[in-house]
Amino acid sequence: MTAVPPQGQAVTITSNNVTVRYGKILALNDFTVKVPSGIVGLLGPNGAGKSTFIKALLGLLRPDNGTMTIAGRDPSDDMGAVRDMIGYMPEHDCLIESLNAVNLVTYMGHISGMLKKDAIPRSHEVLDFVGIGEERYRDISSYSTGMKQRVKLAQAIVHDPAILFLDEPTNGMDPQGRVEMMELIKKISDSDKSIMVSTHILDDLEKASDYIIIINNGHLVTEGKIDELLAKKEGQKMIKAVGQPSELDVFLTSLKKAFEVRSAIVDGGQASIVLINKDDGNYIFKIGQESQVQIRAYYPERASLEDVFIGTLDIDNANEAEKTDAASPGNKIEGGEPGVN
Amino acid sequence: MSIDPIRYKPWSGERANHFQRIFVISKFFFLQKIKSKWILLLLILGIFISTVFPIFMYSMMPHEGLDKEIMADHMQTQIIFIFTLLLVAMICSDTISEDLRSNSFVLYFSRAIKTESYLAGKIGGAFLTLSTFTLVPPILLAIIITATQSGNDYLASFGVVGITVVAAIANTLFFLPFGLLISSLTNRKSYAAVGTFMITFILMIISGIFMEFNSNWELIDPYSVLYYFQEVIYGFDLPSNVNSGALAAIFTGFMTIPLALVYIRIHLKAVGK
């Protein structure tokens with residue numbers, strides 16, 4: 001029998017200056033992060049390096065440089081022990097469709113080292129937990145996308161791993177299913193698991209996660225507690241104004257002098273402006289009056305994780321473009337804001 | 001389905017060591033295969049045609065003991081070769097192709113399963129399934145002939161039983177790497193099955209054409225390679241036109257090259273390259 005991994009204990013994951021290359025492509029570039037326990041969101045655009053990071057943590061890839069540890073163990077050197085601590089729910093279809101859910105989850109428990117006497121009752125237990133009822137005896141090929149997502153979660157938790165990697169857990173699920181899936185993830189995290197969730201549905205993550213890591217072009221862009229990241233957007237207000245285009249331009253110019261304007265769309269006689277103002281709106285209305293524009297709406301713009309994500313990536317992409325321009329002045333791009341999506 | 005009121009329950013129990021998990025893969029594969037009605041049908045048909053008749057014939061016929069010639073003749077019959085090939089084609093067809101099609105490699109490799117463990121598990125499962133035809137019946141035949149012998153030299157007869165075990169293992173293992181290779185090249189089960197069968201026959205045809213110019217071409221034919229290898233196992237001399245070095249090289253090549261290619265293919269797949 002192997003040593004039982006630290007079940008039920010929060011485990012930390014560290015990555016120190018990790019570099020992974022696929023030939024000439026730099027998938028992870030000097031990536032350093034310390035992932036705390038709890039539900040952690042791993043965010044990044046497609047090709048940012050999220051999957052590479054997870055694969056390196058699983059020991060499937062050996063980093064070209066740097067070190068990674070899970071609960072103090074290096075996944076490249078101690079693959080067996082590390083993977084026994086991990087449950088992985090992949091993004092894409094991966095279920096053996098000729099099996100039914102009970103057989104698949106039992107088999108997965110079994111190859112995770114569970115004995116037969118434990119694997120069968122445990123598979124029923126986790127299928128109950130994820131909400132798969134009598135359907136568990138049907139072949140997986142007949143399941144809906146939502147049911148398959150639940151079975152994928154069940155196979156990831158059957159051996160009660162200390163760490164869970166969930167790649168797009170709500171992919172293809174209806175709104176009700178998404179809510180239920182996030183509820184399940186929260187319930188799992190209540191038993192001191194470290195759960196790393198990679199998703200594009202940031203709304204789901206905002207409700208469930210404690211900590212966010214944003215990754216772009218293989219490097220860490222930002223990380224922090226979700227409350228702290230959202231607090232950076234505190235005081236964000238939306239203004240809707242109408243008036244002559246020339247007056248709107250004057251209004252916008254005045255606002256830019258007085259406030260940090262995050263975005264502005266002026267279309268014909270209408271303007272939508274997002275700015276930061278932590279005081280009341282009296283001064284804004286005064287500027288409006290002076291510019292002879294009509295302010296139709298002024299309200300707090302709720303900061304969301306999506307704002308944080310897009311804003312952070314915009315800044316990072318702009319920085320990257322600046323670096324590229326500095327490195328090769330002959331290739332300077334004319335017009336437009338560099339790197340803005 | 002609704003929001004489940006059930007709480008997540010941690011599990012604490014003993015875990016099997018990593019080596020035992022290979023047997024889990026083998027056992028699972030074997031149980032899946034043995035439930036397939038087509039494989040069962042082929043097994044029953046093959047055992048009936050190749051073994052049941054010889055069992056009756058040899059047990060009723062007066063005999064002093066178990067001769068090497070009897071068992072070698074039995075192991076070298078074309079009917080056993082054809083049924084073995086058919087079974088390999090059916091058993092190996094979805095061994096890897098199913099995992100390729102469903103992307104289920106990730107389920108294995110996110111657990112404490114290395115590429116070599118995965119491959120060993122799958123080969124073990126295929127070996128167990130195929131051995132119900134290639135290993136068990138010949139040994140049963142050898143034991144029945146020994147049990148019904150009139151002579152007293154049981155030691156010699158059991159010696160032949162032992163050699164038969166080795167010959168049957170060689171028979172079982174010979175085609176598995178090749179079947180696995182074909183299975184790893186496609187995600188369609190039917191292509192893998194037909195491919196295994198067809199490529200063997202194409203090799204036989206090529207061998208038949210070119211051996212008129214040079215007798216060494218005979219060793220391209222898998223049936224000939226297996227036939228001569230059985231001769232070596234049973235201790236008979238090889239015909240003068242057969243180059244023993246070439247035979248050893250081709251037999252080793254048949255067993256190792258496909259396995260190496262399968263290993264590389266799965267390893268790259270596991271890493272996602």
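The values are calculated or read from the model by the stated rules, or taken from the named source; none is laboratory data. This is a predicted model, so every value here is computed, not measured. Ideal geometry is used to build each Cβ from the backbone, glycine not excepted, and the neighbour counts take in all protein chains shown.
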## Note on the structure
Counting only helices (runs of 4 or more DSSP H) wholly inside region B:35-80, the ones holding at least 3 residues that are without any contact (Cβ under 8 Å) to a residue 40 or more places away in the chain are B:37-47, B:53-60
### Qualifying residues in region A:103-113 (those that are facing another protein chain (nearest Cβ under 7 Å) and in contact with a Leu (Cβ under 8 Å, 6 or more places away or on another chain)) - the one farthest from A:Ile185 (Cα to Cα)
A:Tyr107
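How many residues does region A:286-308 hold that are surrounded by fewer than 16 Cβ atoms within 10 Å (Cβ to Cβ) and under 30 Å from A:Glu206 (Cβ atoms)?
Of the residues in region A:286-308, the ones surrounded by fewer than 16 Cβ atoms within 10 Å (Cβ to Cβ) are A:286, A:289-290, A:292, A:294, A:296-297, A:299-300, A:302, A:304, A:306.
Cutting the leftovers down to under 30 Å from A:Glu206 (Cβ atoms) gives us A:296-297, A:299-300, A:302, A:304, A:306.
Selection size over region A:286-308: 7.
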### Query
Is it the case that region A:252-259 has a residue that's within 28 Å of A:Ile214 (Cα to Cα), modelled with pLDDT of 75 or more and either surrounded by fewer than 14 Cβ atoms within 10 Å (Cβ to Cβ) or among the acidic types (Asp, Glu) (or both)?
no
### Query
Within the bounds of region A:170-180, is there any residue that is touching a residue at least 40 places away in the same chain (Cβ under 8 Å) and more than 8 Å from chain B (Cβ to nearest Cβ)?
yes
#### Entry: Test for B:Leu85: is it touching a residue at least 24 places away in the same chain (Cβ under 8 Å), under 28 Å from A:Gly80 (Cα atoms) and assigned to a helix (DSSP H, G or I)
no
### Query
In region B:1-55, which residue that is loosely packed, with under 13 Cβ neighbours inside 10 Å, closer than 23 Å to B:Leu86 by Cα and not aliphatic (A, V, I, L, M) is farthest from the other protein chains (Cβ to nearest Cβ)?
B:Phe53
#### Entry: Pick from region B:62-114, criterion within 14 Å of chain A (Cβ to nearest Cβ) and among the acidic types (Asp, Glu), ranking: nearest to the chain's Cα centre (by Cα)
B:Asp94
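Restricting to region A:47-70, and then to whatever is over 16 Å from A:Leu26 (Cβ atoms) and out of contact with any strand residue (DSSP E or B) (no Cβ under 8 Å at 6 or more places or on another chain), can you tell me which residue is surrounded by the most Cβ atoms within 10 Å (Cβ to Cβ)?
A:Gly59
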### Message
What's the total number of residues in region B:109-140 that are without any contact (Cβ under 8 Å) to a residue 24 or more places away in the chain and not in a loop (DSSP other than H, G, I, E, B)?
### Response
1
### Query
Take the residues of region A:57-78 that are touching a Leu at 6+ places or on another chain (Cβ under 7 Å) and not in a loop (DSSP other than H, G, I, E, B): which is farthest from the other protein chains (Cβ to nearest Cβ)?
A:Met68
## Note on the structure
Inside region A:79-102, the number of residues satisfying the requirement of being farther than 20 Å from B:Gly13 by Cα and more than 8 Å from every other protein chain (Cβ to nearest Cβ) is 5
### Residues of region B:56-86 satisfying the condition of being surrounded by fewer than 17 Cβ atoms within 10 Å (Cβ to Cβ) and farther than 14 Å from B:Glu231 by Cα
B:Phe56, B:Met57, B:Ser59, B:Met60, B:Met61, B:Pro62, B:Glu64, B:Gln78, B:Ile79, B:Ile82
### Message
Go through (1) under 33 Å from the mean Cα position of the chain (by Cα); (2) over 29 Å from A:Asp203 (Cβ atoms) for A:Glu260 and report which single condition fails.
### Response
(2)
### Query
With (1) at the interface with chain B (Cβ under 10 Å from one of its Cβ atoms); (2) in contact with a helix residue (DSSP H, G or I) (Cβ under 9 Å, 6 or more places away or on another chain); (3) modelled with pLDDT under 90 as the list, and A:Glu135 as the residue in question, which single condition is left unmet?
(3)
### Query
So which of A:Val20, A:Val105, A:Val35 is farther than 22 Å from A:Lys152 by Cβ, touching a residue at least 40 places away in the same chain (Cβ under 8 Å) and assigned by TED's automatic domain parsing to the domain that holds A:Ile163?
A:Val20
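Go through B:Ile182, B:Ile205, B:Ile199 for me and flag whichever is among the aliphatic types (A, V, I, L, M), surrounded by 19 or more Cβ atoms within 10 Å (Cβ to Cβ) and part of a helix (DSSP H, G or I).
Details: B:Ile205 fails: surrounded by 19 or more Cβ atoms within 10 Å (Cβ to Cβ); B:Ile199 fails: surrounded by 19 or more Cβ atoms within 10 Å (Cβ to Cβ).
The conditions single out B:Ile182.
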### Task
Go over the candidates A:Glu223, A:Glu247 one by one and state the one that is acidic (Asp, Glu), in contact (Cβ under 8 Å) with a residue 12 or more places away in the chain and outside the structural domain of A:Gly66 (by TED's automatic domain parsing).
A:Glu247
